[in-house]
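Presented below is the structure to which this report refers.
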Amino acid sequence: MSTTQSERLRELLAPLVSARELDLEEVEVTPAGNRRVLRIVVDSDAGVQLDTCADLSRDISAKLDETDAMGGDPYVLEVTSPGADRPLTQHRHYVRATGRLIKAQLTAGGELVARIVAVDDEGLDLEVPGVKGRKPTARRVAFSEIAKARVEIEFNRKADETAAVESAGEQSGVQDENQEEA
């Protein structure tokens, strides 16, 4: 897909995505046999519900039918939210991952696995898990020190850790999908 087509699709679809108070994370067109797949990835601070994706998909489909942005060749439209292991590339991704465990490749070399405690404009306050029964330690990492990062999926997280993170999320303004707004 040419950059011009990508930019054109992004410009065309961004208002539809914004109208539903979502962020347009990715627009990707890939070949799939005799057709193409147009994959639109959206996200929000509160997550994205399946019904929201379905409604947005109908809006996008109607808009694409009105234009020639995809040309005359057949395509499949997918509207989805990012996967749990997607790369953290924007400030808002880190904010949304507050309380989660991440794995970061550092620009100076090496790897860091830590939990995001807080995010500001310059970087992250992290809690590095203790090894062999030792207590966790605090660490500050600037965004410029991070080459790439991803959320680590946790299957065996203890209930008291989950409660502490939820409490920290409430204090930092991050709201869990299941919490009711005040």
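In this structure, LYS132 and ILE153 have a Cβ-Cβ separation that, at R0 = 22 Å, corresponds to a calculated FRET efficiency of about 0.45.
Dividing the Cα radius of gyration of the range 17-80 by 2.2 N^0.38 Å, with N the residue count, gives 1.14. Dipole magnitude for the range 1-133: computed about the Cα centre from +1 point charges on Lys and Arg Cβ and -1 point charges on Asp and Glu Cβ, it is near 480 debye.
Based on alpha-carbon atoms, the Kirkwood radius and the radius of gyration of the range 63-115 give Rg/Rh equal to 1.23.
For VAL79, nonlocal amide neighbours, meaning residues 5 or more places apart or on other chains whose placed amide H falls under 5 Å from its own, are ILE40. Potential lengthening of the chain between LEU50 and THR89 amounts to 11.7 nm, from the contour at 0.36 nm per residue minus the alpha-carbon distance.
Start at zero, step by 10 Å, and the Cα-Cα distances of the range 51-92 spread as 23, 38, 30, 9 percent across the bins. The residues of the range 23-71 expose on average 54 square angstrom of accessible surface per residue, using a 1.4 Å probe on protein heavy atoms. For ARG10, the solvent-accessible surface computed with a 1.4 Å probe is close to 90 Å², ligands and nucleic acids excluded.
Applying 1/(1 + (r/R0)^6) with r as the Cβ-Cβ distance of ALA62 and ARG140 and R0 = 45 angstrom yields a FRET efficiency of 0.40. Of VAL37, GLN90, VAL113, whose Cα points farthest to the positive end of the dipole of the range 1-129 (charges on the beta-carbon: +1 Lys, Arg; -1 Asp, Glu; origin at the Cα centre)? Of the candidates, VAL37 comes out farthest on the positive side.
Just to confirm my numbers, what's the Cα centroid distance between the range 56-106 and the range 30-55 in Å? Answer, in whole Å: 6. Per-residue Karplus couplings for the range 85-102, computed as 6.51 cos²θ - 1.76 cosθ + 1.60 with θ equal to phi - 60°, are listed in order as 9, 5, x, 8, 10, 10, 3, 5, 5, 5, 4, 5, 8, 4, x, 9, 7, 10 Hz, Gly and Pro entered as x. Backbone geometry of the range 127-139 corresponds, through the Karplus equation with coefficients 6.51, -1.76 and 1.60 at θ = phi - 60°, to 3J(HN,Hα) couplings of 10, 8, x, x, 9, 6, x, 6, 6, x, 10, 8, 8 Hz, x marking Gly and Pro. Of the solvent-accessible surface of the range 1-141, computed with a 1.4 Å probe and all protein chains present, 46% belongs to carbon and sulfur. Counting charges near PRO136 (Lys, Arg +1; Asp, Glu -1) among other residues having Cβ under 9 Å from its Cβ returns a value of +2. I need the calculated FRET efficiency for the pair ALA69 and ASP121, taking r as the beta carbon distance and R₀ as 41 Å, to the nearest 0.05. The pair ALA69/ASP121 has a calculated efficiency of 0.70.
The values are calculated or read from the model by the stated rules, or taken from the named source; none is laboratory data. Note that this is a predicted model, so its numbers are computed, not measured. Here the Cβ is made from the backbone with ideal geometry for all residues, glycine too, and neighbour counts use every protein chain on show. We work out accessible area using only protein heavy atoms, side chains counted, and drop any ligands, DNA or RNA first. Shrake-Rupley method; radii C 1.70, N 1.55, O 1.52, S 1.80 Å.
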